[in-house]
Amino acid sequence: MTAQTDPQGKSWWHRNQMRAAPWLFLAPGIAFFALYVIAPIFQSFNISLYRWDGLGEARYIGMANYEQLLDDPAFYTSLRNNVKWLVLYLLAIPGGLFIALFLNQRVRGMRLYKSLFFFPFVISQVVVGLVFAWFYNPSIGLLNPILDLFGLGPMNVLGNPNTVTYGIIAAGLWPQIAYCMILYLTGLNAVDPEQVEAARLDGAKGWKMLWYVILPQLRPATFIALVVTVIGALRSFDMISVMTNGGPFGSSRVLAYYMFEVSLSEYGFRMGYGAAIAVVLFLIMLIYIAFFLWRMWREEREG
């Protein structure tokens, strides 16, 4: 009995290479993603169930780290600050959109304007933090002289627990608006000019043109900007580390910075407790991203 062969005499690879080739190209990326992203997530879940200093023997304590979070005032302060970051950081999306609409015009010198607005995106977050820390400095910074021009009193933004978080968020918005602007500029290049012209013939202009014609075609750019901005708000760390180190009196902490403090700083190498904070932050991020993905899928299905 002879083995059944392809009638054309072709091998399995020749018959299936169009389906198999993409997976072969994706395989290295999938392997690295699984090894350096997926595996550490499960490892963090596991470590959060132990009391461990990072060097000695780990002792299993179950959900004790999570129970301790419920009675930790510093955790609630960090969580509130993350909510402030999440809400106010979303201002980068409309800010980037309106700057992109302005830069999409054909006027003299527009390339120079685009370069100036693009500049914050290429600067390191650490440099942005240092620049704004100097700007807010009550002794040598430019903020208080500007306030004096309007008859307002001097402010110590980073030294006041009531204003420090908002000052850091304002610093973070500067490069984030530039990033959203780039996304929308790319999206505006893909806007169908025929739809725009048809809308003009129907009398649409101004806000109606923007709302009913332009924005629906910018939905993919808006989705990417939303996801990236939410992730950036929830994992904010470098700005806080450079500008305040979590101060004054821990009032500018966020979950990512508090996780670093309890795990690797002078607060004492509590790896299990830090992993529990990381798990909470991951779950918050997962909920938001899953919600946005579900909304986009539902809109695409209904459309």
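The values are calculated or read from the model by the stated rules, or taken from the named source; none is laboratory data. Keep in mind it's a predicted model, so treat the numbers as computed, not measured. Using ideal geometry, Cβ is built from the backbone for each residue, glycine included, and neighbour counts are taken over all protein chains shown.
Name the residues in the range 149-161 that are touching a residue at least 12 places away in the same chain (Cβ under 8 Å) and either polar (S, T, N, Q) or assigned to a helix (DSSP H, G or I) (or both), would you?
The answer is 156, 157, 158, 159, 160.
Suppose we keep only residues that are within 17 Å of residue 102 (Cα to Cα) and in a helix (DSSP H, G or I) within the range 194-207. Which one would you say is farthest from the chain's Cα centre (by Cα)?
Of everything passing the filter in the range 194-207, 196 is farthest from the chain's Cα centre (by Cα).
Which ones in the range 34-44 are surrounded by 10 or more Cβ atoms within 10 Å (Cβ to Cβ), β-branched (Val, Ile, Thr) and without any contact (Cβ under 8 Å) to a residue 24 or more places away in the chain?
If we filter the range 34-44 for residues that are surrounded by 10 or more Cβ atoms within 10 Å (Cβ to Cβ), which is where we start, we get 34-35, 38-41, 43-44.
Checking the rest, the ones that are also β-branched (Val, Ile, Thr) come to 38, 41.
Passing the criteria: only 38.
List the pairs whose first member sits in the range 62-87 and is over 30 Å from residue 173 (Cα atoms), whose second member is polar (S, T, N, Q) and assigned to a helix (DSSP H, G or I), and whose Cβ atoms are under 9 Å apart, counting only residues at least 6 apart or on separate chains?
Hits for this filter: zero, empty list.
Can you find, within the range 46-73, the residue that is surrounded by the most Cβ atoms within 10 Å (Cβ to Cβ) among those that are touching a helix residue (DSSP H, G or I) at 6+ places or on another chain (Cβ under 6 Å) and of a type outside the set (Lys, Arg)? Reasoning before the result, please.
At the first step, the residues of the range 46-73 found to be touching a helix residue (DSSP H, G or I) at 6+ places or on another chain (Cβ under 6 Å) are 47-48, 50-52, 54, 65-66, 69.
Next, from what is left, pick out any that are of a type outside the set (Lys, Arg): 47-48, 50, 52, 54, 65-66, 69.
Numbers: 47: 22, 48: 24, 50: 18, 52: 21, 54: 13, 65: 22, 66: 15, 69: 19.
Here the residue is 48.
Quick check on my filter: what residues within the range 132-148 are free of Cβ contacts under 8 Å to residues at least 12 places away in the same chain and not polar (S, T, N, Q)?
134, 135, 140, 141, 142, 145, 146, 147, 148
Could you list, ordered by first residue, the pairs with Cβ atoms under 7 Å in which the first is in the range 266-293 and closer than 21 Å to residue 63 by Cα and in contact (Cβ under 8 Å) with a residue 12 or more places away in the chain and the second is of a type in the set (Ser, Thr, Tyr) and outside any helix (DSSP H, G or I), at least 6 apart or interchain?
Taking only residues 6 or more apart or on different chains, the pairs are 272/48; 272/50; 275/48; 276/48; 279/48.
With the structure loaded, tell me whether residue 243 is modelled with pLDDT of 90 or more and either surrounded by 14 or more Cβ atoms within 10 Å (Cβ to Cβ) or not aliphatic (A, V, I, L, M) (or both) or whether it fails that test.
When the stated conditions are applied, residue 243 passes them.
Here is a list: 255, 283. Which entry is modelled with pLDDT of 90 or more, within 20 Å of residue 70 (Cα to Cα), of a type outside the set (Gly, Ala, Ser) and out of contact with any Phe, Trp or Tyr (no Cβ under 9 Å at 6 or more places or on another chain)?
Exactly one residue qualifies, and that residue is 283.
Across the range 208-250, what is the number of residues that are closer than 21 Å to residue 191 by Cα, of a type in the set (A, V, I, L, M) and in a helix (DSSP H, G or I)? Reasoning before the result, please.
As a first pass, look at the range 208-250 and keep what is closer than 21 Å to residue 191 by Cα: 208-226.
If we keep only those that are of a type in the set (A, V, I, L, M) too, we end up with 209-210, 213-215, 218, 221, 224-226.
Narrowing further to those that are in a helix (DSSP H, G or I): 209-210, 213-215, 221, 224-226.
Selection size over the range 208-250: 9.
What are the pairs, 6+ residues apart or on separate chains, where a residue within the range 45-56 that is farther than 19 Å from residue 67 by Cα has its Cβ under 6 Å from a residue that is surrounded by 13 or more Cβ atoms within 10 Å (Cβ to Cβ)?
54/269; 54/271
Considering only the range 258-275, state which residues are of a type in the set (S, T, N, Q) and either in contact with a Phe, Trp or Tyr (Cβ under 6 Å, 6 or more places away or on another chain) or not in a loop (DSSP other than H, G, I, E, B) (or both).
Result: 263, single match.
Considering every residue within the range 16-33, establish whether at least one is outside any helix (DSSP H, G or I) and either touching a residue at least 12 places away in the same chain (Cβ under 8 Å) or under 22 Å from residue 279 (Cβ atoms) (or both).
no
Just to verify a result, which residue in the range 105-143, among those that are at pLDDT 85 or above and in a loop (DSSP other than H, G, I, E, B), is surrounded by the fewest Cβ atoms within 10 Å (Cβ to Cβ)?
The selected residue is 139.
Test residue 165 against the stated conditions and say whether it is polar (S, T, N, Q), surrounded by 17 or more Cβ atoms within 10 Å (Cβ to Cβ) and touching a residue at least 24 places away in the same chain (Cβ under 8 Å).
yes
Between 164, 157, which is touching a Gly at 6+ places or on another chain (Cβ under 6 Å) and under 26 Å from residue 246 (Cβ atoms)?
Checking each option against the conditions leaves just 157.
If only one of 76, 60, 50 is over 30 Å from the mean Cα position of the chain (by Cα), among the aromatic types (Phe, Trp, Tyr) and on the phi < 0 side of the Ramachandran plot, which one is it?
After applying the criteria, what remains is 60.
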